[in-house]
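Student: I am attaching a structure below and will ask some questions about it afterwards.
The values are calculated or read from the model by the stated rules, or taken from the named source; none is laboratory data. Please read all numbers here as calculations on a predicted model, not as lab measurements. FYI the Cβ positions are ideal-geometry reconstructions off the backbone, even for glycines, and counts take in every protein chain you see.
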Amino acid sequence: MEILHISAECYPVAKVGGLGDVVGALPKYQHQLGSIAKVVVPAYRTKYYDTHEFDVVHQAGMWLGHDWYHFNVLKERSNELGFDLYLVDIPGLLDTPGVYGYPNDTERFLAFQIAVLDWVNEWQHQPDVIHCHDHHTGLIPFLMSYGYKYPRLKEVPSVLTIHNAQYQGQFGWDKLYLIPSFDLWKSGLLDWRGAINPLAAAIKCAWRVTTVSPGYLEELYSAANGLESLISQERQKTVGILNGIDTLVWDPATDPMLTLNYNEDTLEKGKEENKQALCERFGLDTALPLISFIGRLVGEKGADLLPEIIDRSLHELPGEVNFLVLGSGDPHVEWSLQQTREEVSYGFNVHIGYNEALSHQIYAGSDFLLMPSRVEPCGLNQLYALRYGTIPMVRSTGGLKDTVIDFGDKDGVGIRFNQAGVWDACYSVKRAIELYNDAKHLREIRLRGMHIDHSWSSSAQHYLDVYSSLK
């Protein structure tokens, strides 16, 4: 079976969040299970692009509305990722240092989708499945079915994975001319609440729709940023499949980014050495429990709650706990965290920005990982934390609810709280301190979490089963 994954992100080529991690791992595991998995992403000018060699496998031109663009499809030469990687290079649109946040993002990702379809339309054979990820590729299932240029692709099954329904890529009907010609009688499939909505179009047109956890699928029926009725209407073709993690990348025994590697037998020493390095770097007390946050500093992650959680905890529990934050996002949240660091004289530090190596060190050196998320479709951070013997402290939502059992319950591996609020999170901080001071129980919980198999193997097979059901 040949699967073509189309995505805006793929680790380590370009990563902003969990989407990049998933697309960088799932195809590798599908390949190991005997399938041919390929990935195509934009050719952003990232470090990966600059440090790898590529062969040009396709050259063509395309119209985007009234503008003509030349594009190249590049294939990574070494195949080091464990699957065939293709980059779509469109000078003037996709040759950016970043992934998102440009005023012409609508045009950029429309052009990416058109270029991919034009390229695949020229293949001498057809892939068995085209797997689209999030709204950046959401118009592909529609154009495969109704675009006049792509009759050869009409019978190719398409799958959409919703990684985060909060982002839907909507744009006005005034930009309809940018979309390649199609059967205008089908234009209603593009519409949702008076706008062209790529995510809604993909939900309507894809042969199967998956979400990144069963819990998130259930939540989408009642909380999908305006798509609730559509997802309920398409219920018969939806399925929730829990994300996995790449256990070759995320392994404390071999991770090259750690101060000291460790396994279950050397857990205490390994955690201690990595925590020591982390605390020395950020001026924290190694004798105290270290609670960290890693991620985008945005409202859906509950990041706006962090300044008050940290401030209140440090004032109510002076000299009992440390906090460390790594992330970037909302400028006001960044400013609030920096102000909090200035106002408290102990127990807290923050690193604004994205740093992959530092994130690995934090997973290894922290005692607890705080995730006060309002929305968490799956969450990978809690899975990384468990793998590294770090106890997740999570708000009970989406994939966090699916993967973290409270340590007060049978087979518990973490701390769960119900509300995305300061009080619930602060109460969980107190529970974390109590657990930290019970060394025997702490070790037991850590080891239990490390024993859980959250690899991609079973999830990758689940996706293959979905594909097979479409034939």
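Student: Might you let me know whether the range 100-110 holds any residue that is small (Gly, Ala, Ser) and touching a strand residue (DSSP E or B) at 6+ places or on another chain (Cβ under 6 Å)? Step through it out loud before you land on a result.
Tutor: So the first thing to find is which residues in the range 100-110 are small (Gly, Ala, Ser), and the list is 101.
Going one step further and asking which of them are touching a strand residue (DSSP E or B) at 6+ places or on another chain (Cβ under 6 Å), we end up with none.
No: zero hits.
Student: Then there's this: Which ones in the range 381-392 are surrounded by fewer than 24 Cβ atoms within 10 Å (Cβ to Cβ) and either in a strand (DSSP E or B) or modelled with pLDDT under 95 (or both)?
Tutor: Pro392
Student: I'd like to verify a number: residues in the range 324-347 that are of a type in the set (Ser, Thr, Tyr) and under 14 Å from Leu284 (Cβ atoms), how many? Lay out the reasoning, then the answer.
Tutor: Initially, the range 324-347 is screened for residues of a type in the set (Ser, Thr, Tyr), giving 328, 336, 340, 345-346.
Next, from what is left, pick out any that are under 14 Å from Leu284 (Cβ atoms): 345-346.
Residues in the range 324-347 being of a type in the set (Ser, Thr, Tyr) and under 14 Å from Leu284 (Cβ atoms): 2 in total.
Student: Restricting the range 332-350 to residues that are in a loop (DSSP other than H, G, I, E, B) and either touching an Asp or Glu at 6+ places or on another chain (Cβ under 9 Å) or of a type in the set (Phe, Trp, Tyr) (or both), which is surrounded by the most Cβ atoms within 10 Å (Cβ to Cβ)?
Tutor: Residues of the range 332-350 in a loop (DSSP other than H, G, I, E, B): 344-347.
Subset that is either touching an Asp or Glu at 6+ places or on another chain (Cβ under 9 Å) or of a type in the set (Phe, Trp, Tyr) (or both): 344, 346-347.
Numbers: Val344: 16, Tyr346: 12, Gly347: 22.
Only one residue fits best here, namely Gly347.
Student: Moving on to the next point. Tally up the residues in the range 232-247 that are more than 28 Å from Met450 (Cβ to Cβ) and in contact (Cβ under 8 Å) with a residue 40 or more places away in the chain, please. Walk me through how you get there before you give the answer.
Tutor: Our first condition is that a residue be more than 28 Å from Met450 (Cβ to Cβ); within the range 232-247, this holds for 232-239.
Among the residues that remain, those that are also in contact (Cβ under 8 Å) with a residue 40 or more places away in the chain are: 239.
Count: 1.
Student: Considering only the range 393-431, state which residues are of a type in the set (Gly, Ala, Ser), part of a helix (DSSP H, G or I) and either modelled with pLDDT under 95 or closer than 25 Å to Ile245 by Cα (or both). Quick ask: steps written out before the conclusion?
Tutor: First, pick out the residues of the range 393-431 that are of a type in the set (Gly, Ala, Ser): 396, 398-399, 408, 412, 414, 420-421, 425, 428.
Filter once more, so that each one left must be part of a helix (DSSP H, G or I): 398-399, 425, 428.
Scanning the range 393-431 gives Gly398, Gly399.
Residues checked against (1) of a type in the set (D, E, K, R); (2) part of a helix (DSSP H, G or I); (3) closer than 25 Å to Asp118 by Cβ:
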{"residue": "His5", "(1), (2), (3)": "no, no, yes"}
{"residue": "Val22", "(1), (2), (3)": "no, yes, no"}
{"residue": "Ala25", "(1), (2), (3)": "no, yes, no"}
{"residue": "Lys28", "(1), (2), (3)": "yes, yes, no"}
{"residue": "Val40", "(1), (2), (3)": "no, no, yes"}
{"residue": "Asp55", "(1), (2), (3)": "yes, no, yes"}
{"residue": "Asn72", "(1), (2), (3)": "no, no, yes"}
{"residue": "Lys75", "(1), (2), (3)": "yes, no, yes"}
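Student: I'd like the full set of residues that are out of contact with any strand residue (DSSP E or B) (no Cβ under 9 Å at 6 or more places or on another chain) and among the small types (Gly, Ala, Ser), limited to the range 359-397.
Tutor: Across the range 359-397, the qualifying residues are Ala364, Gly389.
Student: Quick check on Leu64: is it of a type outside the set (Val, Ile, Thr) and within 21 Å of Ala201 (Cα to Cα)? I'd like the intermediate steps shown before the answer.
Tutor: Numbers: of a type outside the set (Val, Ile, Thr): yes; within 21 Å of Ala201 (Cα to Cα): yes.
Judged against the criteria, Leu64 is a match.
Student: Another question about this same structure. Of Lys154, Lys149, which residue is free of Cβ contacts under 8 Å to residues at least 12 places away in the same chain, under 16 Å from Ser181 (Cα atoms) and either surrounded by 24 or more Cβ atoms within 10 Å (Cβ to Cβ) or not hydrophobic (A, V, I, L, M, F, W, C) (or both)?
Tutor: Values: Lys149 fails: free of Cβ contacts under 8 Å to residues at least 12 places away in the same chain.
That would be Lys154, the only listed residue that is free of Cβ contacts under 8 Å to residues at least 12 places away in the same chain, under 16 Å from Ser181 (Cα atoms) and either surrounded by 24 or more Cβ atoms within 10 Å (Cβ to Cβ) or not hydrophobic (A, V, I, L, M, F, W, C) (or both).
Student: Would you be able to tell me the number of residues in the range 320-345 that are of a type in the set (Asp, Glu) and either under 22 Å from Tyr100 (Cβ atoms) or in contact with a Pro (Cβ under 9 Å, 6 or more places away or on another chain) (or both)?
Tutor: In the first step, residues of the range 320-345 are kept if they are of a type in the set (Asp, Glu); the result is 320, 330, 334, 342-343.
Subset that is either under 22 Å from Tyr100 (Cβ atoms) or in contact with a Pro (Cβ under 9 Å, 6 or more places away or on another chain) (or both): 320, 330, 334.
Residues in the range 320-345 being of a type in the set (Asp, Glu) and either under 22 Å from Tyr100 (Cβ atoms) or in contact with a Pro (Cβ under 9 Å, 6 or more places away or on another chain) (or both): 3 in total.
Student: Now for a separate question. Consider the range 126-148. How many of its residues are part of a helix (DSSP H, G or I) and more than 21 Å from Cys378 (Cβ to Cβ)? First the steps, then the outcome.
Tutor: So the first thing to find is which residues in the range 126-148 are part of a helix (DSSP H, G or I), and the list is 135-137, 140-146.
Of the ones still in play, those that are also more than 21 Å from Cys378 (Cβ to Cβ) are 140-146.
Matching residues across the range 126-148 total 7.
Student: Right, another one. Which of the numbered conditions does Trp123 fail, given that it passes all the others? Conditions: (1) hydrophobic (A, V, I, L, M, F, W, C); (2) crowded, with 22+ Cβ neighbours inside 10 Å; (3) not in a helix (DSSP H, G or I).
Tutor: Here Trp123 clears every test but (2).
Student: Is it fair to say Leu184 is in the same structural domain as Leu117 (by TED's automatic domain parsing) and at pLDDT 95 or above? Even if it seems obvious, please write down each step before you answer.
Tutor: Working: in the same structural domain as Leu117 (by TED's automatic domain parsing): yes; at pLDDT 95 or above: no.
Against the criterion (in the same structural domain as Leu117 (by TED's automatic domain parsing) and at pLDDT 95 or above), Leu184 does not qualify.
Student: Having 2 or more residues that are under 20 Å from Ala385 (Cα atoms) is the bar; report the strands (runs of 3 or more DSSP E) wholly within the range 231-328 that clear it.
Tutor: On the way: elements: 238-240, 290-294, 322-327.
Answer list for the range 231-328: 290-294, 322-327.
Student: Same structure, new question: Every residue in the range 238-272 that is within 30 Å of Ala224 (Cβ to Cβ) and in contact with a Lys or Arg (Cβ under 9 Å, 6 or more places away or on another chain), please. Steps first, please.
Tutor: Quick first cut of the range 238-272, residues within 30 Å of Ala224 (Cβ to Cβ) only: 238-246, 250.
Matches in the range 238-272: Thr238, Val239, Ile245, Asp246, Trp250.
Student: Next question. Tally the residues that are among the aliphatic types (A, V, I, L, M) and modelled with pLDDT under 95, restricting the search to the range 242-273.
Tutor: Matching residues across the range 242-273 total 4.
Student: If the requirement is being at pLDDT 95 or above and out of contact with any Ser or Thr (no Cβ under 9 Å at 6 or more places or on another chain), which of these qualifies: Tyr44, Tyr48? So that I can check it myself, show each step before the final result.
Tutor: Values: Tyr44 fails: out of contact with any Ser or Thr (no Cβ under 9 Å at 6 or more places or on another chain).
Answer to the selection: Tyr48.
Student: Still on this structure: Of a type outside the set (Val, Ile, Thr) and closer than 23 Å to Asp21 by Cβ - does that describe any residue in the range 276-290?
Tutor: Yes - at least one qualifying residue is present in the range 276-290.
Student: Of the numbered conditions (1) within 24 Å of Ser229 (Cα to Cα); (2) in contact with a Phe, Trp or Tyr (Cβ under 9 Å, 6 or more places away or on another chain); (3) surrounded by fewer than 19 Cβ atoms within 10 Å (Cβ to Cβ); (4) charged (D, E, K, R), Arg208 fails exactly one; give the number of that condition.
Tutor: Going through the list (1) within 24 Å of Ser229 (Cα to Cα); (2) in contact with a Phe, Trp or Tyr (Cβ under 9 Å, 6 or more places away or on another chain); (3) surrounded by fewer than 19 Cβ atoms within 10 Å (Cβ to Cβ); (4) charged (D, E, K, R), Arg208 breaks only (3).
Student: Name the one entry in Gly329, Gly399, Gly353 that is of a type in the set (Gly, Ala, Ser), crowded, with 24+ Cβ neighbours inside 10 Å and touching a residue at least 24 places away in the same chain (Cβ under 8 Å). First the steps, then the outcome.
Tutor: Working: Gly329 fails: crowded, with 24+ Cβ neighbours inside 10 Å; Gly353 fails: crowded, with 24+ Cβ neighbours inside 10 Å.
Result: Gly399 is the single residue among Gly329, Gly399, Gly353 that is of a type in the set (Gly, Ala, Ser), crowded, with 24+ Cβ neighbours inside 10 Å and touching a residue at least 24 places away in the same chain (Cβ under 8 Å).
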